[in-house]
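Have a look at the structure below before the remarks.
The values are calculated or read from the model by the stated rules, or taken from the named source; none is laboratory data. Please read all numbers here as calculations on a predicted model, not as lab measurements. Because the Cβ atoms are built from the backbone with ideal geometry, glycine has one as well, and the counts that use them run over all protein chains shown. SASA here: full protein model, heavy atoms, side chains in, ligands and nucleic acids out. Shrake-Rupley method; radii C 1.70, N 1.55, O 1.52, S 1.80 Å.
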Amino acid sequence: QVQLVESGGALVQPGGSLRLSCAASRSIFSRSSMNWYRQAPGKERELVAGITSSGSTNYADSVKGRFTISRDNAKNTMYLQMNSLKAEDTAVYYCNLVSIWGNYWGQGTQVTVST
């Protein structure tokens, strides 16, 4: 079983920045693809960004140029640097690990962008 723990969510003003972290409990992290998803109230969960075990990345069009996904395999941790935040970025952000052993989710961290 893999446990994923997100942190870093907060209330931030439009135009501000946040850095989310996702810590994995097991070393399969380095051999797994990782993703950040988000779910806003009344909306379906959507993929925000992904990073493969080799470091290739992909982003939703809505966050390209503003968000950066990265990983530190030595720390079993993934990050999401979010800049130029907008009100529409408000959501619960979830960490997702995809491996040959299974598909795992964190509990989510709330990001609220508001004045």
Global form of region 73-115, assessed from the alpha-carbon gyration tensor, a/c cut-off 1.5: prolate
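Take the solvent-accessible surface of the protein heavy atoms, probe 1.4 Å, and return the percent of it on the chain that carbon and sulfur atoms account for. Spell out each step's value before the answer.
Values: 2730 of 5930 Å².
Carbon with sulfur: 46 percent of the solvent-accessible area.
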Using a Förster distance of 22 Å, the FRET efficiency for A60-A87 (Cβ separation, nearest 0.05): 0.85
Amide H contacts under 5 Å for R26, placed H, 5+ residues apart: Q3
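How much accessible area per residue does region 46-115 have, in Å², with a 1.4 Å probe? Intermediate results must be reported in sequence, preceding the final value.
Working: 3390 Å² over 70 residues.
Ligands and nucleic acids excluded, the figure is 48 Å² per residue.
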Simple spin-label estimate for S33 and W105 in nanometres, 7 Å along Cα-Cβ: 1.8
HN-Hα J in Hz across region 22-35 - Karplus 6.51, -1.76, 1.60, θ = phi - 60°, x for Gly and Pro: 9, 9, 9, 8, 10, 6, 5, 3, 5, 9, 10, 7, 10, 9
For the chain, share of DSSP beta bridges that run antiparallel, in % to the nearest 5: 95
Extension gain from T52 to R26, taking 0.36 nm per residue of separation minus the Cα-Cα distance: 7.7 nm
